[in-house]
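Engineer: Shown below is the structure under consideration.
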Amino acid sequence: MRVLRSDMSSWKRGKHASHSFWKQSIEALVVFSLCVKISGCSDVDELMSTYPLIDGHNDLALQLRIRHNNSLSQVDLHNLSKVSTDISRFKAGHVQTQMFAVYVLCGAQQKDAVRLTLEQIDVVRRMCTEYQEFELVTSVQELKDSKDNGKIACLISIEGGHSIDSSLPALRMFYQLGVRSMGLTHSCNTPWAESSSNFYPVYKRENNSLTSFGKVVVEEMNRLGMIVDLSHTSWNTSSAVLSHSKAPVIFSHSSSYSICNHSRNVPDNLLLELKKNQGLIMVNLHNTFVSCRDEANISHVADHFDYIRKLIGAESIGIGGDYEGATSFPHGLEDVSKYPALIQELLRRNWTENELAGVLRNNFLRVFEQVERVRDQLSSKLPSEVQIPFEEAHNPCRLILKRPDPRSPSSDQSSGAEGGLPALLILATVLMLSRIFLIE
């Protein structure tokens, strides 16, 4: 009897194991078949390992300034708290290239924007050279090589044309420091381009959203091989740039206005112009730009992808998450590790592997390659020496280079500037100019 019971127990365990095996096999087969039907690829991780993400916008450098005063020695970028970005989560999210934004507040526009921009470039360069997982890149080929070397590539982008203080030499020096993209405005107008925001009542003008100097800025960026970024610019400025630029442009972190009617998003007419330009819109994930509400989900984000694909094609789309710059993100996309969830949703919506390879990576590479191609075509063109008219900049901290008036000693300290410069600096400048004029 004991043997019989033992045999019955063995038979039941074998029957249960066999049933469980076939059930799991059938479930796996169904999942595999569904994935193949949708994408031709059996796994999101496999797809994103083959085509790891190039993300168009991340403000980690700003958070390092706000939270740690740029003291990299005080933090571990492998694991950061109170932010959505670190090296561990980059790896989990298959982020292989990150365009790091160099941003300074618009309040610095007529003050020390250039200095602050230099300091933010410094912190990006430091973190991308001091951590072995990162690699600072400045060309398409270096970006591709970084993937082959298993590195997370860092591209530097200036967010806001106020950072160059209306100076083409400053723009060129930023390029020498590794900057490869610049947004023409942030939430404030510059003397030569118009913002989508009315928050700062500065440099307002009628029917002149891209001035003649603004067009020269675009031309110089084309000559350098610096990507023109239109996120944050007004629609009129965007349209003017799209008509003027010789190279493709990007919206590094913007979404569709037809899906969410926020002024930071891009209307259909501009998307159609962008297609003609062969440029790229990199969809922003911030709740307010995705659902026009405080809360959103992955489906809301995917709606933007679907709409833009239908209007201008998947080849015009990328991803610009805006982590660390924006304050709230959709459920399921709370940090940079969650990008696979978005790709899974697009697979569910019948996006093909080829389309997603473009969205993840190849579309940006195409734009960057074309920007470099235009640069090479313009290689015989000398750097522009155009200067913005002083009355257009009307910056109280700009030095007026003129001969001191010996008949008015008290005015020497004010004739060197229109205010705002320290007295000792003005005096030193006056003495230097006096010496120059004596030599001449």
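Engineer: Take every Cα pair under 8 Å in segment 256-309 that's 6+ residues apart, average their separations, divide by the length, and report that relative contact order as a whole percent.
Structural biologist: 37
Engineer: What relative contact order, as a whole-number percentage, does segment 60-184 give when Cα pairs under 8 Å and 6 or more residues apart are counted?
Structural biologist: Contact order relative to length: 26 percent.
Engineer: In whole Å, what is the distance between the alpha-carbon centres of segment 275-338 and segment 111-149?
Structural biologist: Here the two parts' Cα centres lie 25 Å apart.
Engineer: What relative contact order, as a whole-number percentage, does segment 45-111 give when Cα pairs under 8 Å and 6 or more residues apart are counted?
Structural biologist: Reported as a whole number, the value is 49 percent.
Engineer: If r is the Cβ-Cβ distance from residue 177 to residue 382 and R0 is 25 Å, what FRET efficiency results, to the nearest 0.05?
Structural biologist: That gives a FRET efficiency of 0.75.
Engineer: Can you give me the pair-distance distribution of segment 252-377, C-alpha pairs, 5 Å bins, whole percents?
Structural biologist: 2, 11, 22, 24, 20, 12, 5, 2, 1, 0
Engineer: Rolling a 1.4 Å sphere over the protein heavy atoms, what is the accessible area per residue of segment 186-259, to the nearest Å²?
Structural biologist: Result: 34 Å² per residue.
Engineer: If the chain between residue 129 and residue 350 were fully stretched, how many nm would it gain, using 0.36 nm times the residue separation less the Cα-Cα distance?
Structural biologist: 75.6 nm
Engineer: I need two numbers for segment 80-133: Rg to one decimal and Dmax as a whole number, Cα atoms only, in Å.
Structural biologist: 13.8, 41
Engineer: Here is a further query. Quick one: of 276/381; 246/381; 246/310; 246/276; 91/147; 91/338, which pairs are farther than 18 Å apart, Cα to Cα?
Structural biologist: Exceeds cut-off: 276/381; 246/310.
The values are calculated or read from the model by the stated rules, or taken from the named source; none is laboratory data. All values reported here derive from a predicted model rather than from experimental measurement. Glycine also receives a Cβ, built like all others from the backbone with ideal geometry; neighbour counts cover every protein chain displayed. The area values use the complete protein model at the heavy-atom level, side chains included, leaving out ligands, DNA and RNA. Shrake-Rupley method; radii C 1.70, N 1.55, O 1.52, S 1.80 Å.
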